[in-house]
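Worksheet: one structure, shown below.
Every read-out reported here was derived from the displayed coordinates using simple, explicitly stated rules and does not represent laboratory data. Because the structure is a prediction, the values reported are computed rather than measured. Cβ placement follows ideal geometry from the backbone for every residue including glycine, while neighbour counts extend to all protein chains displayed.
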């Protein structure tokens, strides 16, 4: 029996304070081939303790970031917070900006808001470019259908015959 199997007890019967966390990542399987497996990084499956451990933070820090709106965990019916792998990456970026770059939390929130706006604008731009491509393809198709008629003049000419 290992130390973790017997409760990881210390001399005198006291329990160790370190808890081992196991993290499972959910995925949606489209096909049977390994290359077809899609991992859902947005699945809110991590409890606050697991997310805090993965991000290298104290759970209380995650609660504070939730109150400030820096991360948005899902809630269980009982009110517990659930984080995704993407949330953990975001927590690590918050920590990097704060510790390495010296940005305060208000600045980090502004940076993250601007990054979201840029992502929305990029998506809108991609949709507009796709719409333009579709319009150009439709125009080319109409021109091809016009065939020999497209070079004829459509000018209106007033004709007057000879007067007698």
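Inter-part distance, region 71-85 to region 86-151, computed on C-alpha centroids, equals 27 Å.
Could you list 157, 88 in order of exposure, starting from the residue whose Cβ has the fewest other Cβ atoms within 10 Å?
Working: 157 5, 88 23.
Result, fewest neighbours first: 157, 88.
Among 109, 162, sorting on how many other beta-carbon atoms sit within 10 Å of each Cβ, with the fewest leading, yields 162, 109. Using R0 = 35 Å, the C-beta based FRET efficiency linking residue 103 and residue 38 works out to 0.55.
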